[in-house]
Each structure stands twice: as structure tokens, then as C-alpha cells.
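Read through the structure below, which is laid out as C-alpha cells, and then see the notes.
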Amino acid sequence: MEVKEKVIWFYACKAEDVPANGGVCVKYGDQQIALFNFTRRGEWYATQNMCPHRQQMAISRGMIGSEGDEPKVACPFHKKTFSLKSGSCTSGEEYSLKTYPVKIENGKVYIKVN
């Protein structure tokens, strides 16, 4: 018997509510999710908001940029950097962020959770 995973795309905010090349924190239940509008790349990303290094809710306030072709975010407190695509730590450590798919429809931002 195959178990199907329930897929939920929740409405996070209006696209205009997220600053260009910046992030915001949105809540889904008891989860905090960092949402990024990476306008220089024409892409959107979402990750957990809690930095796994020191367990602080800070990722949404981090600086975003690219390392080669890899989009990344840096924790504003400890400067650990993470891939916005995979969530892996690009600083060479074993930390990682959970990532979430993002879609934009009619100017509204949706994040997929399960």
C-alpha cells in the first residue's frame, strides 16, 4: 500500500511585501520560515528561520548573495552561510537548513509544506 504525502501550499504574503534582495519571516502554525526575494537572480527561496548553529531565529534577516552560481544566505549573527537551494552549509560545517519550494501566483507568495 502506497502512502501519499499531503501537500500543502500555504499563502505566505503578497510578493510586494518582501523587499527586493531581502527576506522576511512568515509563520505557518508554530514554524517560522525565512522567505527571500532574490530579485538579482529572479528567484524566490524559503528555509527554516532558525539558525542551526546557535538555535536563533535569525536567518530571515541574513544577507543573501551568490557564491559562483550558488545562491546563499549568511546568518546575521555568526556569518555561517547556507545554500538557498539545498540548505547545506557552505562554510564547510555539517549544519543545514530545511528548504521549502516557493511559487508566485497573481502577486501572491505560496510556500509548500508537508
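Where a number appears in this text, it was derived from the coordinates with a stated rule and is not lab data. Here the structure is a predicted model, which means the values were calculated and not measured. Note that we place each Cβ from the backbone using ideal geometry, even for glycine, and neighbour counts take in every protein chain shown.
Output yes when any residue across segment 74-94 is loosely packed, with under 14 Cβ neighbours inside 10 Å, over 14 Å from the mean Cα position of the chain (by Cα) and closer than 26 Å to LYS108 by Cα, and no when none is. Within segment 74-94, none of the residues are loosely packed, with under 14 Cβ neighbours inside 10 Å, over 14 Å from the mean Cα position of the chain (by Cα) and closer than 26 Å to LYS108 by Cα. Restricting attention to segment 81-112, the residues that are under 20 Å from TRP9 (Cβ atoms), among the charged types (D, E, K, R) and either in a loop (DSSP other than H, G, I, E, B) or touching an Asp or Glu at 6+ places or on another chain (Cβ under 7 Å) (or both) add up to 2. Taking each residue of segment 46-73 that is in contact (Cβ under 8 Å) with a residue 24 or more places away in the chain and looking for partners that are among the small types (Gly, Ala, Ser) and part of a helix (DSSP H, G or I) with beta-carbon atoms closer than 9 Å, six or more apart or interchain, yields THR47/SER60; ASN49/SER60; VAL73/SER60.
When TYR45 is tested against (1) touching an Asp or Glu at 6+ places or on another chain (Cβ under 8 Å); (2) on the phi < 0 side of the Ramachandran plot, just one condition goes unmet, and that condition is (1). Search segment 1-28 for residues being touching a Lys or Arg at 6+ places or on another chain (Cβ under 9 Å) and either of a type in the set (Asp, Glu) or assigned to a loop (DSSP other than H, G, I, E, B) (or both), and hand back the single one that is surrounded by the most Cβ atoms within 10 Å (Cβ to Cβ). Among those residues, the one meeting the criterion is ASN21.
Within segment 1-27, residues that are under 18 Å from ASN37 (Cβ atoms) and in contact (Cβ under 8 Å) with a residue 60 or more places away in the chain reach partners that are β-branched (Val, Ile, Thr) and exposed (fewer than 14 other Cβ atoms within 10 Å of the Cβ) with beta carbons closer than 9 Å, at six or more positions or on different chains, in the pairs ALA15/ILE104.
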